[in-house]
Amino acid sequence: GIAGRRGSFLGGCFAFEPPAPHRGRAAMAAAAAKSAAQEAEAQHTQRDVHTLNGLLKFFFFIVNSMYCLVGVALIGLSIYCLTDAWADLDPDIYRSAATILISTGVVILIIVMCGCFGAVYQEQRTGSCRGRRLLSFYQICLLTLIGLQFYTTVYMLNTAESLQAVKGELASAKSNITVEYVDAERSLSTKFNDYYFDTVTGSQDGYFWKFVDESCPKSSGMGSDDCNVDSYATTCPDEASCDDGASAQCPYDLCRRAAVTRFLGIVEPIGEYGIFVCIFETALMILTCCLICFNPRDAEQTILMKSGNFAADDARAKIKSAV
């Protein structure tokens with residue numbers, strides 16, 4: 001009986017939990033394993049984030065380089081405006097358009113360089129060349145250009161739509177004077193008439209008179225063969241009657257269909273080009289937002305310094321001792 005009680009007593013003693021120091025070491029080992037697993041997962045996630053950021057940066061450089069070509073194209077378009085044959089009709093407007101295009105092209109080239117520097121120094125958080133600061137400036141300039149180009153694109157598309165409607169009405173109308181002018185034609189018709197009457201008795205060189213001879217109806221009788229310094233047929237437009245409001249005596253009305261078609265061929269491509277540029281700039285805005293929002297994980301030394309409990313040297317020494 002005594003032996004049985006002693007055995008049960010000893011069995012009960014062996015059933016006790018291990019001492020507290022043993023439990024503490026086990027808990028610490030489990031916590032260390034969990035912390036290591038979390039750290040490994042965090043590093044894996046961070047690598048994925050860095051990989052995604054690298055891809056975004058790669059696409060940003062490609063699209064930004066293409067945007068640089070857009071700026072060069074605008075400068076080339078400004079040269080075209082200065083040398084276009086119709087620039088003689090209204091030199092002031094063409095010069096103003098060329099100035100705007102050149103300025104826009106130069107601004108685009110400048111902000112493209114700013115965007116490239118911002119992407120290169122994206123993760124830099126100190127100094128005057130901070131990546132976020134440069135990318136934010138790039139984004140503000142880009143947003144301003146989008147607003148201006150959107151307004152210009154809408155204006156060009158509305159003008160092209162109104163001219164397209166006029167062209168359709170002229171094709172079915174019996175006379176050009178029965179179709180009312182749209183806003184874009186009022187200025188164009190005045191410049192067209194003035195240039196015609198100013199040069200009809202001159203040398204008649206250049207694209208304008210080539211356009212009149214080749215595109216205007218032969219039945220109008222306003223070509224250079226009938227209307228020149230040597231002879232002025234009765235079928236030629238009359239300046240006095242045109243100034244008094246007789247549309248049938250105005251050069252523009254006699255050649256209105258060809259003039260509208262020619263003007264439409266200038267305005268419509270500019271509107272379509274504006275749509276492409278706006279979509280292009282919107283894509284750049286999205287990429288820039290992604291690059292600005294990227295926040296890399298701080299190094300252990302930086303985390304210890306930000307905590308305020310360690311100086312730079314102490315944080316470095318603590319990391320070395322942990323390793």
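At 0.36 nm per residue, and after removing the present C-alpha to C-alpha distance, how many nm does the segment from residue 205 to residue 280 gain when stretched out fully?
22.9 nm
Ignoring ligands, DNA and RNA, what accessible area per residue does region 191-242 give at 1.4 Å, in Å²?
Counting only protein heavy atoms, the per-residue value for region 191-242 is 54 Å².
Could you report the accessible area of residue 210 in Å², rounded to 10, computed with a 1.4 Å probe on the protein chains as they sit in the structure?
About 110 Å², ignoring ligands and nucleic acids.
Of 203, 247, which has the most accessible area and how do the rest follow, probe 1.4 Å?
These residues rank, largest area first, as 203, 247.
The values are calculated or read from the model by the stated rules, or taken from the named source; none is laboratory data. What you are looking at is a predicted structure, and each value in this text was computed from that prediction instead of being measured. Each accessible area value is taken on the protein alone, full model and side chains, heavy atoms only, with ligands, DNA and RNA left out. Shrake-Rupley method; radii C 1.70, N 1.55, O 1.52, S 1.80 Å.
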